[in-house]
1. At SER105 and ARG145, where each label point lies 7 Å from the Cα along Cα→Cβ, what is the point-to-point distance in nanometres?
2. Separation between the VAL35 and SER200 pseudo-spin-labels, each 7 Å from Cα along Cα→Cβ, expressed in nm?
3. With everything on Cα atoms, drop me the angle between helix 73-84 and the longest principal axis of the chain, reported from 0 to 90° to the nearest 10.
4. SER55 to SER117: extension gain in nm, 0.36 nm per residue of separation minus the Cα-Cα distance?
5. Quick one: among VAL35, VAL165, VAL194, which has the greatest mean-square fluctuation in a GNM of the chain with alpha-carbon springs under 10 angstrom?
6. Using a 1.4 Å probe on the protein heavy atoms, what percent of the accessible area of the stretch 8-123 belongs to carbon and sulfur?
7. Quick one: net charge around ILE215, please, counting Lys, Arg +1 and Asp, Glu -1 for every other residue with C-beta under 14 Å from its C-beta.
8. Based on the Cα coordinates of the stretch 34-129, what is the per residue volume of their convex hull in Å³?
Amino acid sequence: GVTVDLRGVTTVLLPGTGSDDDYVDRAFSGPLQAVGAVVVTPPPRPDRLIEGYLSALDDAARTGPIGVGGVSIGAAVATAWALAHPDHAVAVLAALPAWSGEPGSAPAALAARHSASALRRDGLAATTSLMRASSPSWLADELARSWRSQWPHLPDAMEAAAAYVAPSSIQLQRLASPLGVVAAVDDPIHPLQVGVDWVSAAPRAALRTVTLDQIGSDTAALGAACLAALAEA
């Protein structure tokens, strides 16, 4: 692939569902700053999740072309924005994409709907305890913190994410920006196959894989893998 030069390029990274700018900053800032990018990690607005993300991207692009990316739903929104603004997206960094097109019965959409329902029914403390019991400890710690900060609008954000129509394979075929995708080989919520499908569809794209243990022990491994994939796109 042709190396993408991100020196001096504002690069906006969007969090996954229920996650936050604190995590995304730790995952991406180090690797991106090492190549000279100017990192922007807008906090999620759980009462208007998708609209807030799009506003942050639009605001950043007012002064020139930007890099875009994110995790899970953040990756989907960023990629959709790049498709809608081909002259303004220098590159796309997509970590752990969760589905293509309609969410349907995608595991991440089902999980978000289930969590939103449990939060509304049982409250934050009880639902967080159940989440801890079924998640890797590092992920449980991250989500317990970010869930608390987004309460009480957290169920709204989860429902908005679960209803979001991600770029389809047909749409990804016209992505003008180079695309670096990272998928985890052992993540049942963000299947490896989705990452494979995204890279197969987009004209300039490459995939790097990680494990949940890798990104649990070194948060910045996620951003580094995205950059490595982008370099091959």
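1. 3.6
2. Taking the simple label geometry, VAL35 and SER200 are separated by 2.6 nm.
3. Once rounded, one gets 40 degrees.
4. On the way: separation 62, 0.36 × 62 = 22.32 nm, distance 2.74 nm.
Full extension from SER55 to SER117 adds 19.6 nm.
5. Taking springs between Cα atoms under 10 Å, the residue moving most is VAL35.
6. Details: 2180 of 4190 Å².
Accessible surface attributable to carbon and sulfur in the stretch 8-123 totals 52 percent.
7. On the way: positive: ARG26, ARG208; negative: ASP141, GLU142, ASP186, ASP187, ASP213, ASP218.
Computed value for this residue: -4.
8. Values: hull volume 12.3 nm³, N = 96.
Roughly 129 Å³ of hull volume per residue.
The values are calculated or read from the model by the stated rules, or taken from the named source; none is laboratory data. Computed from a predicted model, the values in this text were never measured in an experiment. So basically every Cβ, Gly included, is an ideal-geometry build from the backbone, and we count neighbours across all protein chains shown. To get the accessible areas, we keep the full protein, side chains included, count just its heavy atoms, and leave off ligands, DNA and RNA. Shrake-Rupley method; radii C 1.70, N 1.55, O 1.52, S 1.80 Å.
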